[in-house]
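The structure appears below as structure tokens.
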Amino acid sequence: MPKWGMVIDLETCTGCQACTTACAMENNRLPGENWQDVLFYSEGSYPNMKLSWLPRPCMQCENPSCVSVCPTRATYQTEDGVVLVDWNKCIGCKYCMVACPYGVRFYMDEKPVVEPDIRAAFPGEGQRSWNPPFRMPDEYEDPSKGIGIQPKGVVSKCTFCYHKVSQAPEGVADLDEANPETREFTPACVRVCAPKARFFGDLDNPESKVNELIAEKGGVRLKEETGNKPKVYYLSGGGAPVVPGKRSTRS
Amino acid sequence: MASMTETAPAVERGNHFQMHLIVALALVAIGGGYALFELLQYGKVQFNTTNYGIFWGFPIVVYDYFLLTSTGLAMVAALYHVFGLEEFKFVAKRCLWLALAGLMGGVAVLFLELGNPWIALWATPLNMQTSSPLFWKVLLVGAYTALLAIVLLGTIVNRDDRRNPLMYAVGLLALLITLAAGSVYGMMAMRPVWFGGQLPVVFLIESFMGALAFTVFFTHLKNGFNHDTMRPQTRALFEGTLANMFAISIALHFILHAGRVVTGLWSNAEGFQVWGHIVASPLFHFSMWGCIALPFVLMLLPATRRNGMAQILAAALVMIGLLISRYEFIIGGQQVTLFKGSWSPEILSYSPSIGEWALLVLAVGIANAVYAFAAWKLGAEEHR
Ligand code: SF4
């Protein structure tokens with residue numbers, strides 16, 4: 001079994017949000033409720049200012065607090081270490097959202113982040129809370145894995161594009177969009193990253209590119225103090241702090 | 001014996017409870033009607049919670065407030081049923097009915113807040129996620145509800161005040177629910193305002209203190225807020241043992257609350273800046289001084305603890321103050337986001353929507369309706 005992980009190179013990332021857009025299209029996200037987002041920060045004031053940005057998917061923790069707190073096991077971890085939500089079992093208690101240190105979970109029944117509410121323009125039927133004009137092929141949908149159009153009353157999160165990566169050929173070290181053999185199985189955010197700031201592979205495979213990058217460029221994880229052990233690593237070239245200062249103000 | 005029977009004539013009593021029931025049902029109609037209309041028409045998007053920080057809003061505050069009041073009341077009843085404190089005999093049955101009333105009010109609000117409440121009924125017990133405090137809370141509340149209902153059924157059938165051995169289990173479950181409710185917040189190591197092993201104890205003290213306030217208030221309400229019609233034993237209890245317990249629990253609550261506030265204000269750690277925000281609000285000072293310090297003084301001074309109006313005032317202030325501090329605690333714990341982004345200001349803002357307020361009205365209405373009906377028809381206020 002692979003242990004899928006991601007590496008994001010902050011020196012290469014331009015903050016273009018292509019990953020965010022691709023994720024939204026791939027996973028039928030509501031506008032503004034991005035499983036994958038790029039967060040922008042500013043510190044200081046003009047002319048002594050620093051701007052920074054941080055791409056932030058779900059950290060797919062090895063030791064996920066969202067899994068421990070979920071009273072129904074709706075949030076669970078697959079054998080290959082991906083944290084998913086079973087929408088058939090989710091009761092919408094939002095305890096996982098309270099317990100997630102990274103703020104990467106989304107409840108369906110909230111005010112729209114972007115007005116007007118697109119759900120009203122594209123009403124859904126059956127389990128589907130809305131009917132996105134852009135949406136993944138029906139055969140990919142799997143409510144037991146939190147893949148598809150999010151129903152009402154449940155929480156959703158980044159699946160590492162599980163409908164793709166779970167189909168990858170056995171034993172591959174990396175899922176790389178540049179490799180025609182693995183392109184189709186690569187998560188959407190990695191596939192579209194133009195400056196190639198994102199890498200995806202098996203953290204348990206010593207031959208994988210992700211392991212090489214983490215070792216050679218000093219990959220770090222966010223909020224290590226929580227003990228959640230993310231499987232998303234950041235590279236910053238060692239020059240600047242990876243995580244924008246905690247006291248950064250909104251930009 | 002005069003002292004063993006009600007002082008108010010039966011007919012008058014019936015009218016009194018009927019009136020109470022009518023008012024309570026009106027509250028149910030207003031609060032429930034508005035909340036249901038909003039939920040059916042627009043859904044929960046009308047609540048002021050968001051995906052960007054404030055996930056648990058006012059309905060959770062109301063639910064926890066009513067649930068912990070219920071468990072506290074069961075513990076007060078256990079003082080008679082389990083520990084044999086005879087002084088509490090004449091308030092024990094009232095406490096048990098109020099415990100059921102509070103429970104029903106709180107659970108009703110929870111059902112309207114949850115995304116899929118009916119799934120919770122089977123998915124929680126069947127999936128055995130023992131690492132989740134909520135799993136234990138749901139399981140314990142289920143057992144507590146069933147046993148409390150059986151105990152109360154016994155009081156309807158027998159119409160007496162005999163000690164019930166089942167109350168050992170009810171009392172224990174009430175205690176465990178209260179501790180589990182504290183753990184739901186206290187175990188969140190990633191949330192500095194909530195985190196701490198002392199939280200279950202804090203919840204226990206608050207629950208007991210709130211229950212004493214409700215006991216005092218509803219006993220006076222039953223007597224039409226007329227101190228003179230109160231049973232002598234109850235009056236002695238309210239001026240003696242119960243007043244002492246009430247004063248001590250208020251003092252403990254004050255110490256624990258003030259301790260957390262001072263620690264929070266002193267610390268530079270990320271997340272604690274919310275304490276500065278809380279302390280800057282007039283609501284905090286009203287709850288701290290008006291709803292904790294003042295009731296403590298009222299219960300401490302011999303002249304005021306013997307005065308019916310002072311008892312009612314102290315009880316009412318504590319009931320209000322607890323709701324405020326529960327609100328500050330639950331919302332405040334989420335106001336500094338754990339992971340900031342461009343969307344996140346220093347302190348997130350939140351205030352309940354009209355629909356969320358309506359749920360409080362609904363809970364108050366349901367709880368009062370259950371109690372008033374039990375008092376009117378099911379012998380909740382008869383003693384033998
Ligand atoms: S909201 Fe759903 S996934 Fe999250 S803890 Fe509750 S039941 Fe589990």
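Tabulated data
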read-out: Average other protein chain Cβ within 10 Å of Cβ, residues A:61-70; value: 3
read-out: Expected 222 nm ellipticity per residue - DSSP helices of 4 or more, -39500 (n - 2.57), all of chain B, to 500; value: -23000 deg cm²/dmol
read-out: The protein assembly as shown - share of DSSP beta bridges that are antiparallel (%, nearest 5); value: 85
read-out: Rounded to whole Hz, the Karplus (6.51, -1.76, 1.60) HN-Hα couplings of the stretch B:147-164, x for glycine and proline; value: 5, 4, 4, 5, 4, 5, 4, x, 6, 6, 5, 8, 6, 9, 10, 4, 5, 10
read-out: For peptides A:72-81, B:226-235, sequence by mean Cβ density within 10 Å, most packed first; value: A:72-81, B:226-235
read-out: Free-standing Cys residues across chain A, given no other cysteine C-beta under 4.7 angstrom; value: A:Cys13, A:Cys16, A:Cys23, A:Cys61, A:Cys70, A:Cys90, A:Cys93, A:Cys100, A:Cys161, A:Cys193
read-out: Efficiency of FRET from Cβ geometry, B:Asp228 and B:Trp357, R₀ 51 Å, rounded to 0.05; value: 0.90
read-out: R0 of 25 Å, Cβ-Cβ distance B:Leu283-B:Val23: FRET efficiency to nearest 0.05; value: 0.40
read-out: Under-5 Å amide H pairs with A:Leu39, H placed in peptide plane, nonlocal only; value: A:Leu54, A:Arg56
read-out: Per-residue HN-Hα couplings for the stretch B:65-70 [Karplus 6.51, -1.76, 1.60; θ = phi - 60°; Hz; x = Gly/Pro]; value: 4, 6, 4, 6, 5, 4
read-out: Amide H within-cut-off set for A:Thr75, under 5 Å, with H built and near neighbours excluded; value: A:Asp86
read-out: Prolate/oblate/rounded call for chain B, Cα gyration tensor, a/c under 1.5 rounded; value: prolate
read-out: Shape category assigned to the stretch A:4-235 from the gyration tensor of Cα positions, a/c cut at 1.5; value: rounded
read-out: Three-way shape call for the stretch B:278-384 based on the alpha-carbon gyration tensor, with the a/c threshold at 1.5; value: oblate
read-out: Neighbouring partner chain Cβ atoms per residue of B:80-86, average, 10 Å criterion; value: 0
read-out: Least to most buried among B:Leu67, B:Leu252 (fewest other Cβ within 10 Å first); value: B:Leu252, B:Leu67
read-out: Amide N proximity, the stretch A:22-40 versus A:Phe122 label position 7 Å along Cα-to-Cβ, cut-off under 11 Å; value: A:25-31
read-out: Long-range HN-HN contacts of A:Tyr107 with modeled amide H, under 5 Å; value: A:Ser156
read-out: Fraction of beta bridges assigned by DSSP in the stretch A:4-235 that are antiparallel (%, nearest 5); value: 85
read-out: Test item: B:48-58 mean partner chain Cβ contacts at 10 Å; value: 5
read-out: FRET efficiency, 1/(1 + (r/R0)^6) with R0 41 Å, evaluated for A:Asn48 and B:Tyr42 via beta carbons; value: 0.30
read-out: Phi-based couplings in Hz for the stretch B:208-218 (Karplus 6.51, -1.76, 1.60; Gly and Pro marked x); value: 5, 4, x, 5, 5, 4, 5, 4, 4, 4, 6
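Laboratory data are not the source of any read-out in this text; all were calculated from the coordinates shown. Fair warning: this is a prediction, and the values are worked out from it, not measured in the lab. When we count neighbours, we look across all protein chains shown, and the Cβ atoms used for this are built from the backbone with ideal geometry, even at glycine.
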